[in-house]
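Visitor: The structure under discussion is supplied below as structure tokens; questions concerning it will follow.
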Amino acid sequence: QVQLVESGGGLVQAGGSLRLSCVAATRTFGSYGMGWFRQAPGKERELVAAISLSGGRTYYADSVKGRFTISRDNAKKTVFLQMNSLKPEDTALYYCAATVKAVANIPNEYHYWGQGTQVTVSS
């Protein structure tokens, strides 16, 4: 089992920035590919960004490329999502997830999920 706890969400004006963090309760954090997903009301959960075991590979949804950056610190068992130039359409509940695969791009490939942190971007 891997417990994931997200933090860093909040209310921000359009154009602003937030940094999300996700701390994992596991001794083998470096064995998991990690991802950030989001779900807005009435919409399906979608991948925002994913990162491989060592951080050497990253993937981003087209809608966030150039604005968001995913990173990880395996020593601190933490994955981050730096979000810049936020837009109202980025408003959603953001989830951290872990997969036993080296890296994964779809929700069904993830095995462990956090409870989510709300991000609200006002116009």
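Visitor: Sort out which residues of the stretch 103-115 are closer than 16 Å to residue 52 by Cβ and either in a loop (DSSP other than H, G, I, E, B) or open to solvent by less than 30 Å² (accessible area, probe 1.4 Å) (or both), and write them in order of number. Talk me through it step by step, then tell me what you get.
Guide: The first filter runs over the stretch 103-115 and keeps only residues closer than 16 Å to residue 52 by Cβ, leaving 103-106, 109-111.
Answer for the stretch 103-115, where residues must be closer than 16 Å to residue 52 by Cβ and either in a loop (DSSP other than H, G, I, E, B) or open to solvent by less than 30 Å² (accessible area, probe 1.4 Å) (or both): 103, 104, 105, 106, 110, 111.
Visitor: Wholly within the stretch 1-102, which strands (runs of 3 or more DSSP E) include no fewer than the required count, namely at least 2 residues that are out of contact with any Leu (no Cβ under 9 Å at 6 or more places or on another chain) and within 19 Å of residue 117 (Cα to Cα)? Outline the logic, then answer.
Guide: Numbers: elements: 3-7, 10-13, 18-25, 33-39, 46-51, 58-60, 68-73, 78-83, 92-99.
Passing ranges, in order: 3-7, 46-51, 92-99.
Visitor: Can residue 26 be described as under 19 Å from residue 1 (Cβ atoms), surrounded by fewer than 21 Cβ atoms within 10 Å (Cβ to Cβ) and within 12 Å of the chain's Cα centre (by Cα)?
Guide: no
Visitor: Being loosely packed, with under 14 Cβ neighbours inside 10 Å and charged (D, E, K, R) is the filter; apply it to the stretch 55-85 and report the residue that is farthest from residue 37 (Cα to Cα).
Guide: 76
Visitor: When you scan the stretch 35-47, how many residues do you find that are open to solvent by less than 20 Å² (accessible area, probe 1.4 Å) and of a type in the set (Gly, Ala, Ser)? It would help to see each step written out before you state the result.
Guide: Going residue by residue through the stretch 35-47, those that are open to solvent by less than 20 Å² (accessible area, probe 1.4 Å) are 35-38.
Keeping just the survivors that are of a type in the set (Gly, Ala, Ser) gives 35.
Adding up the residues that qualify gives 1.
Visitor: Let me ask something else. From the list 92, 97, pick out the single residue that is within 14 Å of the chain's Cα centre (by Cα), open to solvent by less than 50 Å² (accessible area, probe 1.4 Å), over 20 Å from residue 30 (Cα atoms) and not hydroxyl-bearing (Ser, Thr, Tyr).
Guide: None of the others qualify; the one that does is 92.
Visitor: Is it the case, given these coordinates, that residue 32 is within 15 Å of the chain's Cα centre (by Cα) and either free of Cβ contacts under 8 Å to residues at least 40 places away in the same chain or open to solvent by 60 Å² or more (accessible area, probe 1.4 Å) (or both)?
Guide: No, not satisfied.
The values are calculated or read from the model by the stated rules, or taken from the named source; none is laboratory data. Keep in mind it's a predicted model, so treat the numbers as computed, not measured. Because the Cβ atoms are built from the backbone with ideal geometry, glycine has one as well, and the counts that use them run over all protein chains shown. These accessible areas exclude ligands, DNA and RNA; they are computed on the full protein's heavy atoms, side chains included. Shrake-Rupley method; radii C 1.70, N 1.55, O 1.52, S 1.80 Å.
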